[in-house]
1. Kindly rank 101-114, 47-60 from highest to lowest mean number of other beta carbons found within 10 Å of each residue.
2. Please give the FRET efficiency for LEU128 paired with ILE21, using the beta carbon to beta carbon distance and R0 = 35 Å, rounded to the nearest 0.05.
3. Show me the ranking of peptides 64-75, 166-177, 89-100 by mean Cβ neighbours inside 10 Å, starting with the highest.
4. Under a 5 Å amide H to amide H cut-off, with H placed in plane at 1.01 Å, what residues pair with LEU77 once short-range neighbours are removed?
5. Just to verify a number: FRET efficiency for VAL106 and VAL241, C-beta to C-beta distance, R0 = 22 Å, to 0.05?
6. Which entries in the list LYS167/LYS219; LYS65/LYS226; LYS48/LYS208; LYS19/LYS65 go over 31 Å, if you measure between the two C-alpha atoms of each?
7. ARG78 to ASP217: FRET efficiency via 1/(1 + (r/R0)^6), r the Cβ-Cβ distance, R0 51 Å, to the nearest 0.05?
8. Label points 7 Å out from Cα along the Cβ direction at GLU69 and SER114: separation in nm?
Amino acid sequence: MENGDTKVTQSFELKRDLKLIQMLDQLEKKAIVPRPQPQEITHIEFGKMLYNTVFSGELRNYFNKHFNEAQEKNYGLRVSIQLNDDVPEIAALPWEFLHDGEDFLVTRRSILLSRLPAGVKKTESKPLDSILRMLVVISSPDDPGISPLNTEKEQEIILEALDKLQKDQKIKVDFTEDATFENIQGYLNEQDYHIVHFTGHGISINDKGHLVFETEDRKAKLIDNKTLADLFSDIGIRLVVLSSCESAKGSNKEAFGDLASMLSKK
């Protein structure tokens with residue numbers, strides 16, 4: 001962690017922490033259980049162990065000091081996790097589970113937790129000269145291998161969240177008529193969108209991520225992360241929201257193979 005001229009480091013080796021690896025394996029297995037038990041706490045215990053592994057010694061003191069200062073002065077604290085490509089096992093960890101013993105860091109309103117692949121350069125975007133435009137894709141194939149979504153409910157939730165912004169004419173929201181890849185390409189070619197929101201299913205196959213789109217006859221069609229990253233890049237999109245299982249999952253052998261990381265490098 002760095003703050004001005006101050007730099008504090010902490011070293012750890014994931015391969016030596018067998019219990020952490022075992023808990024991660026349990027967590028991934030429980031994630032695919034249709035109805036987890038109400039008292040399930042594996043994710044909390046894993047988050048605590050990950051937090052204690054990383055934030056220990058001088059680094060913990062440094063973090064606690066700045067967190068307490070932020071609390072006292074009522075301002076936010078940003079924790080940006082940047083990892084190199086040569087540590088794929090660490091990069092693939094679900095850092096959003098970091099738990100300080102009281103709560104997950106990501107649920108604290110005063111903390112912004114982000115992951116940034118190495119080599120990504122900051123870019124400055126010019127202010128918009130038009131209303132903010134958002135494209136919403138809700139993919140729910142009529143396929144026996146895919147769990148159905150309540151598309152009407154999903155649309156209702158999104159519209160409710162954006163109601164005030166729409167009334168103030170600060171955002172215009174379009175919903176795709178269907179979720180075929182070709183149809184979405186058409187929307188993006190015909191109109192400049194600043195935000196794309198995808199709600200649907202994500203699947204990791206052989207450590208390669210995919211989003212589940214629809215065919216013309218509403219069967220499932222898998223689109224890989226590389227194809228999606230190419231689709232969304234260099235067309236003025238400033239934010240991609242992924243509400244889908246395993247869309248943040250990458251390979252333990254290939255760092256930053258998830259869609260979010262690919263998009264941040266474009």
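Values in this text are rule-based calculations from the coordinates and carry no lab data. What you see is a predicted model; the values in this text were computed from it and never measured. Don't worry about glycine lacking a Cβ; one is built from the backbone with ideal geometry, like all the others, and counts go over all protein chains shown.
1. Values: 101-114: 13.7, 47-60: 16.7.
In decreasing order of mean packing, 101-114, 47-60 become 47-60, 101-114.
2. 0.20
3. Values: 64-75: 11.3, 166-177: 13.0, 89-100: 19.7.
My ranking of the peptides, most packed first, is 89-100, 166-177, 64-75.
4. Placed amide hydrogens put ILE111, LEU112 under 5 Å from LEU77.
5. Numbers: r = 15 Å, r/R0 = 0.70.
Efficiency at R0 = 22 Å is approximately 0.90.
6. On the way: LYS167/LYS219 36 Å; LYS65/LYS226 41 Å; LYS48/LYS208 28 Å; LYS19/LYS65 29 Å.
Result: LYS167/LYS219; LYS65/LYS226 exceed 31 Å.
7. Details: r = 46 Å, r/R0 = 0.90.
The computed FRET efficiency comes out at 0.65.
8. Output for this residue pair reads 2.0 nm.
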